[in-house]
1. Can you compute the FRET efficiency between V97 and D143 using 1/(1 + (r/R0)^6), with r the Cβ-Cβ distance and R0 = 25 Å? Round to the nearest 0.05.
2. Are there any trypsin sites (Lys or Arg not before Pro) in the stretch 100-143 that are in a DSSP loop and have at most 14 other Cβ atoms within 10 Å? List them by number.
3. Compute the Rg/Rh shape ratio of the stretch 33-143: radius of gyration over Kirkwood radius, all on alpha-carbon atoms.
4. How far, in nm, would the chain grow between E117 and R49 when pulled straight, counting 0.36 nm per residue and subtracting the alpha carbon separation?
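Readers should treat all values here as calculations from the given coordinates under stated rules, not as data from a laboratory. Bear in mind that the values here come from a model prediction, so they are computed numbers and not experimental data. Reconstructed Cβ throughout: ideal geometry from the backbone, glycine too, with neighbour counts over all protein chains shown.
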Amino acid sequence: PERGAWRGAVRWLSARTRPGPGHVAITLGELDDARQDALRAASVAIDERRVLGDDGPEVRVRLHRPGGGLEGAVPISIEGPEDASTDSALDAPLERVWPMPDRGLLGVTVEVGARSERIGRQHLISDRRALSAAAELRDALADAP
């Protein structure tokens, strides 16, 4: 039977989860402001994708909260090669798109709270080659009878 004024529910987001003890802890109490800010920032996912856009290969970055998080905006900063720094507060999913450079790295830095990630660093050369080949194939097929 339920007692008191609190009731909690846990939702598992993975089909691989099995009954038994796990690494879950529930703490009731107040959180100081610094801890709240850190938890908000930790709940933000930075997803980077390399895709073939209408004008060629591009890098897309999406900032979102896939599993929820503490209510409130998260301070973010995005610095790119062609944009000035974008400082704002993430309160809804945000997506940015940049054309993939012909050579070198993308040179984009995303900061979420105290966490900083460089975008377009890993596997950019191989992805650029694959997407450039796909763009050439797409253009050739567009001209085909």
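1. On the way: r = 26 Å, r/R0 = 1.05.
Here the calculated transfer efficiency is 0.45.
2. Here the trypsin sites (Lys or Arg not before Pro) that fit, given the DSSP loop and packing criteria, are R103, R121.
3. My calculation puts Rg/Rh at 1.06.
4. Taking 0.36 nm per residue and subtracting the Cα distance, the gain is 23.1 nm.
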